[in-house]
There are 2 protein chains.
Amino acid sequence: MPGLDLTADAARLTQQLVDIESVSRNELGIADAVEAALQGLAHLAVTRHGNTVVARTDLGRGERVVIAGHLDTVPVNANLPCRREARPEGDLLHGLGTCDMKGGDAVILRLAATVPEPVRDVTYVLYEGEEIETEFNGLNLLSQTSPELLEADFAILMEPSNAEVEAGCQGTLRVEVRTTGERAHSARSWKGVNAIHAAGDILDRLNSYEPRKPLIDGLEYHEGLNAVFIRGGVAGNVLPDECVVEVNHRFAPDRSEAEAEQFVREFFDGYDVRVTDSAPGALPGLDLPAAKAFIEAVGREVNPKFGWTDVARFTALGIPAVNFGPGDPMFAHKQDEHVPIEHIERCERQLKSWLGATA
Amino acid sequence: MPGLDLTADAARLTQQLVDIESVSRNELGIADAVEAALQGLAHLAVTRHGNTVVARTDLGRGERVVIAGHLDTVPVNANLPCRREARPEGDLLHGLGTCDMKGGDAVILRLAATVPEPVRDVTYVLYEGEEIETEFNGLNLLSQTSPELLEADFAILMEPSNAEVEAGCQGTLRVEVRTTGERAHSARSWKGVNAIHAAGDILDRLNSYEPRKPLIDGLEYHEGLNAVFIRGGVAGNVLPDECVVEVNHRFAPDRSEAEAEQFVREFFDGYDVRVTDSAPGALPGLDLPAAKAFIEAVGREVNPKFGWTDVARFTALGIPAVNFGPGDPMFAHKQDEHVPIEHIERCERQLKSWLGATA
């Protein structure tokens, strides 16, 4: 694997990162490449934690900020390698992870390489396992094993947000909803109870779901309730006695995890509901001083964040945090994922300026 | 593995066969045991074909009959080993395969061992792969590789039929019914189309299905349409773009495979329907002389067969065939599968008598 070239522009660097396939649980290669590139920079103290890489300045500034991005992606969907498309209104990079979030990772690496003396001390975190269960999340693991590395006055997560500031984030809850039946030979099906047929009612309920869209601190959120997996079946000639529907609920940050769980249990009243994964949302927190200062510095409008991001994890650690990264989040996890190069360049330029680099 | 004891009574022999686990594709052990036991009988010519064992008398009788049973079972469902239960009205054997169809296999082995000079030449066939796709079916493979071994005037399949004669059988058709959607991040689900939710309509249609129950040759059949598998999902935070429901249709023998397929395609009109497996039914054929003679000899009432059995395969080869075996087919493929010992003994006694053995 060729090394990453941190002297290349951020768009070229994004392409290099995208072409290192790093679906969750397969981040070894990209973490090695990132670590090797950062180790070459004398002004940074670099440490490795699993497939998470941390690089810190230590200039004794009165303020420290975390700038973080995850290295993993959702599964490949015939959208590799990276492809650049020329457009009159500005070129695009297409491919898995361009938007979520290797464009942001490229900005982080560029800042690390080109701003040796930032006016604020910076902790750069490039981490594994964000797209899967919390137990694999590199930021979560780091907060357990080396919490001192995450201490900061403010955090910026470079999740895709159209190069605008997005505040708060929705929570996420995953449950298994289960039907049971009774096996029988499919030739004499009237002697058994088909658990897959029984799941029809679960899907009917999901189809009738009406999302809540609460307004919080002036930002409109948008909830969701979706089957993400379904499975059932024993053999080709046996009536199945179990069917499991895995459902993902995204909830606005005015609800706690417990309230979200109660909603889902009531929604699937009468069924066996088991929680498999849960993470709280984060309120926008726009009244906190560090958040205000950043927003004023970059001078952008603030939007709500629909997706769950590790902003919530910083909130739980008592660190104000916002999302600010290149790419339209609507294209995250979609086959035609892409990022405008202008977004990448704008994020890099604004963050450099905020860190006090001369242009 | 201890050898099978063909001098034991048929109930003991059934227990021995049940305790050799032989889920489809794992018939090596039981086929080895059956082959070894039959090789010890001088009056039989034994041949092995994969995990199918054929044993023939060759006494130059004017008539030859096939007596056949499959050695495989559906998957284990916490119902091994075999357990004998004492009951005032007659003992039962419980466990996977007791009913479908190792009780019948035990009768076959007992006939092979104890009737050295039958009045009709007999071809005993104990075969693999009946519970799964046709391509693995030992009788099907034998009809392709050694069709001469299946030549006969009449065939008895010892599939469970309450030790009554069952004529004809229903056909079976398996199809995949598919929905498609569009992937999106589950936090912004309104940007995609959830293929699992779309499958709700497929399950609704299955729940509204009304089975046909045609009367044929005085026997009432009972059709069925059941989901046997369902699967869908990409990742825990991605809207799934495909969901597949595998459906098994059991159809009465007054319909051809093509007619059954047409029915299923119309039933799921608007969906992508792919046929994955198909086998025709068999009309009762009670007017054929060989069938009449057998029914008179055993002196029993005749019932319709709901399940698909290899009777249909013999019908296709031009050989009249019936089901006649121990066990209530209602318990086949169910966790509490069992067989009354009286059924096993009755089948053995009646077939011995029909083969001219002195009691």
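Here are some notes:
- The residue among A:VAL302, B:VAL273, A:GLY103 whose Cα reaches farthest toward the positive pole of the charge dipole of the protein assembly as shown, with charges on the beta-carbon of Lys, Arg, Asp and Glu, is A:GLY103.
- At the listed q of 0.14, 0.20 Å⁻¹, the Debye profile of segment B:298-347, built from one uniform point per Cα, gives log10 I(q)/I(0) equal to -0.46, -0.86.
- For segment A:270-359: accessible area per residue (Å², 1.4 Å): 41 Å²
- Evaluated over segment B:103-247, the Cα radius of gyration and Dmax, each in Å: 23.5, 77
- Taking θ as phi - 60° and the Karplus parameters 6.51, -1.76 and 1.60, the scalar couplings of segment B:304-313 work out to x, 9, 7, x, 6, 9, 6, 3, 4, 5 Hz in sequence order, x denoting glycine and proline.
- Treating each Cα of the protein assembly as shown as an identical point scatterer and summing with the Debye formula, the log10 of I(q)/I(0) at q = 0.06, 0.08, 0.11 Å⁻¹ comes to -0.51, -0.73, -1.00.
- For B:PRO81, label point 7 Å along C-beta direction: distances to other copies, nm: 6.1
- For segment A:276-359: rounded, prolate or oblate by the Cα gyration tensor [a/c cutoff 1.5]: oblate
- With the label put 7 angstrom out from Cα along the Cα-to-Cβ vector, B:THR180 ends up 3.9 nm from the copy partners, going from closest to farthest.
- Normalised by 2.2 N^0.38 Å, where N is the number of residues, the alpha-carbon radius of gyration of chain A equals 1.08.
- Descending semi-axes in whole angstrom, ellipsoid equivalent of segment A:47-168, from the Cα gyration tensor: 27, 19, 12
- Scanning chain A for trypsin sites (Lys or Arg not before Pro) that sit in a DSSP loop and have at most 16 other Cβ atoms within 10 Å, the longest stretch containing none of them is A:62-211.
- Taking Cα atoms only, the orientation of helix A:341-354 departs from the longest principal axis of chain A by about 50 degrees.
- As a fraction of the 1.4 Å probe accessible area of chain B, surface on carbon and sulfur atoms comes out at 48 percent.
- Using the Karplus relation 6.51 cos²θ - 1.76 cosθ + 1.60 with θ = phi - 60°, the per-residue 3J(HN,Hα) values for segment A:237-251 come to 10, 10, 5, x, 9, 8, 9, 10, 10, 8, 10, 10, 9, 9, 10 Hz, with x marking Gly and Pro.
- Protein heavy-atom accessible surface, 1.4 Å probe, per residue over segment B:38-161: 35 Å².
- Copies compared at B:ALA293 - label distances in nm, ascending, label defined 7 Å from Cα in the Cβ direction: 10.3
- Beta bridges per DSSP with both ends in the protein assembly as shown, % antiparallel, nearest 5: 75 percent
- Residue by residue, segment B:11-28 carries 3J(HN,Hα) couplings of 5, 4, 5, 4, 4, 4, 5, 5, 6, 9, 4, 8, 4, 2, 6, 10, 8, 4 Hz when phi is fed to the Karplus relation 6.51 cos²θ - 1.76 cosθ + 1.60 (θ = phi - 60°); x denotes Gly or Pro.
- From the alpha carbon centroid of segment B:169-222 to that of segment A:13-86 is 45 Å.
- Coarse-grained scattering of segment A:218-336 at q = 0.18 Å⁻¹, given as base-10 log I(q)/I(0) from a Debye sum over alpha-carbon atoms: -1.07
- Put simply, the amide H of A:ALA155, placed in the peptide plane, has neighbours under 5 Å in A:VAL66, A:ALA321, A:VAL322, leaving out anything fewer than 5 places away on its chain.
- Beyond 24 Å in Cα-Cα separation lie the following of the pairs A:LYS102/A:LYS352; B:LYS292/B:LYS334; B:LYS102/B:LYS213; A:LYS102/A:LYS334: B:LYS292/B:LYS334; B:LYS102/B:LYS213.
The values are calculated or read from the model by the stated rules, or taken from the named source; none is laboratory data. Predicted model, so just to flag it, every value in this text is computed and none were measured. Every residue, glycine among them, receives a Cβ derived from its backbone with ideal geometry; neighbour counts consider all protein chains shown. SASA here: full protein model, heavy atoms, side chains in, ligands and nucleic acids out. Shrake-Rupley method; radii C 1.70, N 1.55, O 1.52, S 1.80 Å.
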